[in-house]
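The values are calculated or read from the model by the stated rules, or taken from the named source; none is laboratory data. Just so it is clear, the structure is predicted and the values come from calculations on it, not from any experiment. Cβ atoms come from the backbone with ideal geometry, glycine included; neighbour counts cover every protein chain shown.
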Amino acid sequence: MAELFHPLRRTVEHVYLTDAGGTPLVHLSRRFTSDKDPDLVATMFTAIQNFMNDSFHSMGIGDVRSIEMENRHHVAFGRGPSVLLYIVYRGRESNHLERRVTQLVQDIELRFAPLLKGWDGDMDRVGRLRDYLMKEWDLHPRQTPIESAVQVSVP
């Protein structure tokens, strides 16, 4: 049964976590609905946020905390020294959610500092961080359409 959308309710659809350089670490999704590679999307969010922050800093304005897209979709940004967190949600814009993303980044930076500092690209080491974000946002790791089809066809 499809979830009904209410414009006053906020629904987190995607969570992307990258390292400070934009390397994807975690992607969680309410459902896999795009033919675009989530790692590429996460990398593009990093590039967009870096460009926007550089542009606005040169004008004496602070960091970009969110962007709004069509059909009541928003992206809330959180940046720390080691990670970047992007939350794609739909519904009414939420300053509360933006603050939550900022606080969550600070918590991730503290809680997972040894993992982040010594991360060598081994995705198996990111499991605890992924589990933490799954619990925080009540979302699941993404599955590609191919992975979903394989799971359905296996007896």
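Brief remarks on what is shown
- Take the conditions (1) under 17 Å from the mean Cα position of the chain (by Cα); (2) touching a residue at least 40 places away in the same chain (Cβ under 8 Å); Arg92 misses just one of them, which is (1).
- Selection within segment 89-115 - hydrophobic (A, V, I, L, M, F, W, C) and either at pLDDT 90 or above or surrounded by fewer than 17 Cβ atoms within 10 Å (Cβ to Cβ) (or both): Val101, Leu104, Val105, Ile108, Leu110, Phe112, Ala113, Leu115
- Considering only residues in segment 31-42 that are outside any helix (DSSP H, G or I) and without any contact (Cβ under 8 Å) to a residue 40 or more places away in the chain, the one that is farthest from Arg99 (Cα to Cα) turns out to be Asp35.
- Entry remark, segment 58-79: residues being among the small types (Gly, Ala, Ser) and either over 22 Å from Gln103 (Cβ atoms) or not in a strand (DSSP E or B) (or both) number 3 in total.
- The criterion of being assigned to a helix (DSSP H, G or I) and free of Cβ contacts under 8 Å to residues at least 24 places away in the same chain does not hold for Phe45.
- Checked against the criterion of being of a type outside the set (Val, Ile, Thr) and crowded, with 19+ Cβ neighbours inside 10 Å, segment 47-62 contains one or more residues that satisfy it.
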